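Mind having a look at this structure? Questions to follow.
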Amino acid sequence: MKHMNYFLGSAFLLFMTGTSYGCNLNAHTKEKTTLVTQSTAEKPSEQYVKIALLLDTSNSMDGLINQAKAQLWDIVNEFTHAKCGTGKRPSLQIALYEYGNDNLSSREGYIRQVLGFSNDLDEISEKLFSLTTNGGEEYCGQVIHTSLKQLDWGKNADDLKMIFIAGNEPFTQGKLDYKDATTNAKEKDVIVNTIFCGNYEQGISTMWKSGATLTGGEYMAIDHNRQVVHINTPYDDVIIKLNSKLNGTYISYGSIGRQKKELQYAQDANAAELEEVVAVKRAVSKSSRLYKNSTWDLVDAAEDDESLIAELPQKDLPEELQGKTESEIKAYVKQKKMEREEIQKQIQELNAKREVYIAENQKEETGELENAMLSAIKAQASKKNYTWDK
């Protein structure tokens, strides 16, 4: 890991206090054998990947934040293909903290929870784009401790729980010793991965490597100001056009529906403003199982529980469904679902061709943050029996 200079992206994930089955089939303690009938046996609990991203937002960290904004979708797309040891697909949750910014409260150690664990990808993107930089004091031990205290990490030994902390000041700053914080993390089965923005050896001398190894995490050094060179492919424009069609399959409902649909469009625009390839990666994420919007989209909501359609008052329906009968609404939702599945399938097929094209044309240099994080994620996930389809 000594030269992690060629990695892109940002990092992330999850939640839960499940019990029985999990990704790590060997993580369970032996229990007394109890005879249970099929009707009383508990179903295997859902498995989670929980990633907390702790970003230094002091003056020198604009490049880091830009990389995080751009590479969120690489992380999401990677976990689309993850499987637990049971064959189940894990759910992904991401939390976001900023630290080291003068605009933050000194009483809180210049630390702010930007977002608790969330699987709302549009909201995660929105919060990343809301970050701004300003000089400050960077207390690594305290921000780790704060994230461990505030977030619901759960008690399931099979969940994959990770912190990625990135910055460029000594890891020892602040009153709270980083060793105490990492001890706390280990007790909660949370792996701390450290990303030093600067020279590899300097990160070691300022204890960033120590902060990672105490929990079995990875230490990485990146050039956070390096301009990432993306490869454009013949499939990009088509995927972006399909993304516009995909948006047309969302049926907003309820008090927050319109606002959430506007947020969807806004995050498309944010991705495109960074670079066209980021918009492509976001479109791929939106075609995956991890992009779910049951709280405001009638298609996703009905897939979870179709009875919602009968229960919704007329005022909570979008304009195109006002005055429609229940059967007419169900038919409309079914039509949009079919359209969505077909568009998502097309995006996934085009992305497979896109990835082959990139692999054939990829130069030695790639990005900084993404590969560093994905390398750590895969190594640590394998210890809990995670596998990948590709």
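Take the eigenvalues of the Cα gyration tensor for the range 158-278, scale each by 5, and report the square roots as semi-axes in whole Å, largest first. Let's see the in-between values first.
On the way: eigenvalues 302, 93, 34 Å².
In descending order, the three semi-axes are 39, 22, 13 Å.
Rounded, prolate or oblate: which fits the range 113-221, taking a ≥ b ≥ c as square roots of the Cα gyration tensor eigenvalues, rounded meaning a/c under 1.5, else prolate when a/b beats b/c? Show your work: numbers first, answer last.
Values: a/c = 1.67, a/b = 1.14, b/c = 1.46.
Oblate, since a/c reaches 1.5 and b/c is not below a/b.
Return the whole-Å distance between the Cα centroid of the range 332-349 and the Cα centroid of the range 41-109.
Using only Cα atoms, the two centres lie 28 Å from each other.
Sorting check: for 349-361, 118-130, 185-197, which peptide has the highest mean count of neighbouring beta carbons within 10 Å, and how do the rest follow?
Values: 349-361: 14.4, 118-130: 19.5, 185-197: 22.7.
The packing order, highest mean first, is 185-197, 118-130, 349-361.
Could I ask something else about it? Would you mind calculating the gained length between Ile231 and Glu341 on full extension (0.36 nm times residue separation, minus the Cα-Cα distance), in nm to one decimal? Write down the numbers at each step before the final one.
Working: separation 110, 0.36 × 110 = 39.60 nm, distance 2.73 nm.
Gain on stretching Ile231 to Glu341: 36.9 nm.
In addition: For the chain, max minus min Cα coordinate along each principal axis, in Å, sorted largest first?
67, 58, 46 Å, listed from the longest principal axis down.
Over the range 93-199, calculate the relative contact order: mean separation of alpha carbon pairs under 8 Å at least 6 apart, over the residue count, as a percent.
Working: 164 pairs, mean separation 27.3, N = 107.
That works out to 25 percent.
If you line up the long axis of helix 178-187 against the longest principal axis of the chain, both from Cα atoms, how many degrees apart are they, to the nearest 10?
40
Note the full-extension length gain between Lys175 and Leu274 as 0.36 nm times their separation in residues minus their Cα-Cα distance, in nm to one decimal.
Taking 0.36 nm per residue and subtracting the Cα distance, the gain is 31.9 nm.
Would you compute, for the Cα atoms of the range 296-387, the largest minus smallest coordinate along each principal axis and list the three values in descending order, in whole Å?
That gives 59, 32, 21 Å along the principal axes, largest extent first.
Where Lys and Arg each count +1 and Asp and Glu each count -1, what net charge lies around Ala266 among other residues with Cβ under 9 Å from its Cβ? Working shown, then result.
On the way: positive: none; negative: Asp122, Glu126, Glu262, Asp268.
Net charge around Ala266: -4.
I need the shape label for the range 99-176. Rule: rounded when a/c is under 1.5, else prolate if a/b > b/c, else oblate, with a, b, c from the alpha carbon gyration tensor.
It is oblate, given that a/c is not under 1.5 and a/b is not larger than b/c.
How large is the accessible surface per residue of the chain, computed with a 1.4 Å probe and reported in Å² as a whole number? Spell out each step's value before the answer.
Values: 18180 Å² over 390 residues.
Heavy-atom accessible area per residue stands at 47 Å².
Ok, one more. If you average the alpha carbon positions of the range 133-197 and of the range 224-298, how far apart do those two centres end up, in angstrom?
30
Helix-only mean residue ellipticity at 222 nm, the chain, DSSP H runs n ≥ 4 weighted -39,500 (n - 2.57), per residue, nearest 500. What is it?
Values: 13 runs with 163 residues, N = 390.
For the chain, the value works out to -13000 deg cm²/dmol.
If you scale each eigenvalue of the Cα gyration tensor by 5 and take the root, what three semi-axes come out for the range 36-167, rounded to whole angstrom and sorted largest first?
On the way: eigenvalues 209, 58, 22 Å².
Largest first, the range 36-167 gives 32, 17, 11 Å.
Using mean Cβ contacts within 10 Å as the protection proxy, how do 201-211, 58-68 order, highest first? It would help to have the intermediate numbers written out before the result.
On the way: 201-211: 19.5, 58-68: 21.3.
Ranked by mean Cβ neighbours within 10 Å, highest first: 58-68, 201-211.
What fraction of the DSSP beta bridges in the chain is antiparallel, stated in percent and rounded to the nearest 5?
Once the DSSP bridges in the chain are tallied, antiparallel ones form about 25 percent.
May I ask you to order 165-176, 322-333, 251-262 by the average number of other C-beta atoms within 10 Å around their residues, highest value first? Don't skip to the end; give the middle numbers.
Values: 165-176: 21.2, 322-333: 13.1, 251-262: 16.9.
My ranking of the peptides, most packed first, is 165-176, 251-262, 322-333.
Working from Cα positions, state the angle (0 to 90°, nearest 10) between the long axis of helix 257-274 and the longest principal axis of the chain.
On a 0 to 90 degree scale, this one is about 50.
Quick one: which of Lys209/Lys345; Lys155/Lys334; Lys337/Lys384; Lys127/Lys336; Lys336/Lys383; Lys155/Lys281 span more than 31 angstrom between C-alpha atoms?
From the list (Lys209/Lys345; Lys155/Lys334; Lys337/Lys384; Lys127/Lys336; Lys336/Lys383; Lys155/Lys281), the Cα-Cα distance tops 31 Å for Lys209/Lys345; Lys155/Lys334; Lys337/Lys384; Lys336/Lys383; Lys155/Lys281.
Of Met338, Gln314, Asn385, whose Cα points farthest to the positive end of the dipole of the range 285-390 (charges on the beta-carbon: +1 Lys, Arg; -1 Asp, Glu; origin at the Cα centre)?
It is Asn385.
How far, in nm, would the chain grow between Glu262 and Ser294 when pulled straight, counting 0.36 nm per residue and subtracting the alpha carbon separation? It would help to have the intermediate numbers written out before the result.
Numbers: separation 32, 0.36 × 32 = 11.52 nm, distance 1.56 nm.
This chain segment gains 10.0 nm when fully extended.
Report the local net charge at Ala95: Lys and Arg +1, Asp and Glu -1, summed over other residues whose C-beta lies under 13 Å from its C-beta.
Neighbour charge sum, excluding Ala95 itself: +1.
I would also like to ask the following. Among Trp73, Leu115, Ser45, which residue has its Cα furthest toward the positive end of the charge dipole of the chain, with +1 on Lys/Arg Cβ and -1 on Asp/Glu Cβ?
After comparing all options, I get Ser45.
If eta is 0.890 mPa s and T is 25 °C, what Stokes-Einstein diffusion coefficient results for the range 206-247, Kirkwood Rh from Cα pairs, in µm²/s? It would help to have the intermediate numbers written out before the result.
On the way: Rh = 14.4 Å.
It diffuses with D of about 171 µm²/s by this estimate.
Return the carbon/sulfur percentage of the accessible area of the chain, one whole number, probe 1.4 Å, all protein chains in place. Could the numbers behind the result be given before it?
Values: 8580 of 18180 Å².
It is 47 percent, rounded to a whole number.
With labels modelled as points extended 7 Å from the Cα through the Cβ direction, what inter-label distance (nm, one decimal) is found for Ser105 paired with Asp389?
4.4
Further question on the same structure: Quickly work out the Glu123-to-Val238 label distance, labels modelled 7 Å from Cα along the C-beta direction, and quote it in nm with one decimal.
So the two model labels end up 3.6 nm from each other.
How large is the translational diffusion coefficient of the range 242-371 in µm² per second when you combine the Kirkwood radius over alpha carbon pairs with Stokes-Einstein at 4 °C and 1.567 mPa s? Display every interim value, and only then the final one.
On the way: Rh = 16.4 Å.
Estimated via Stokes-Einstein, D reaches 79 µm²/s.
Answer with one residue from Ala376, Trp296, Ala283: the one whose Cα lies farthest towards the positive end of the charge dipole of the chain, charges on Cβ with Lys, Arg +1 and Asp, Glu -1.
Farthest along the dipole direction, towards plus: Ala376.
Here's something else I'd like to know. Count charges around Ala331 for me, please; just the other residues with Cβ under 14 Å from its Cβ, Lys/Arg as +1, Asp/Glu as -1.
On the way: positive: Lys324, Lys330, Lys334, Lys336, Lys337; negative: Glu306, Glu320, Glu326, Glu328, Glu339.
Charge balance in the 14 Å sphere: 0.
The values are calculated or read from the model by the stated rules, or taken from the named source; none is laboratory data. Keep in mind it's a predicted model, so treat the numbers as computed, not measured. Ideal geometry is used to build each Cβ from the backbone, glycine not excepted, and the neighbour counts take in all protein chains shown. Remember, those area values only see protein heavy atoms, side chains included, never the ligands or the DNA or RNA. Shrake-Rupley method; radii C 1.70, N 1.55, O 1.52, S 1.80 Å.
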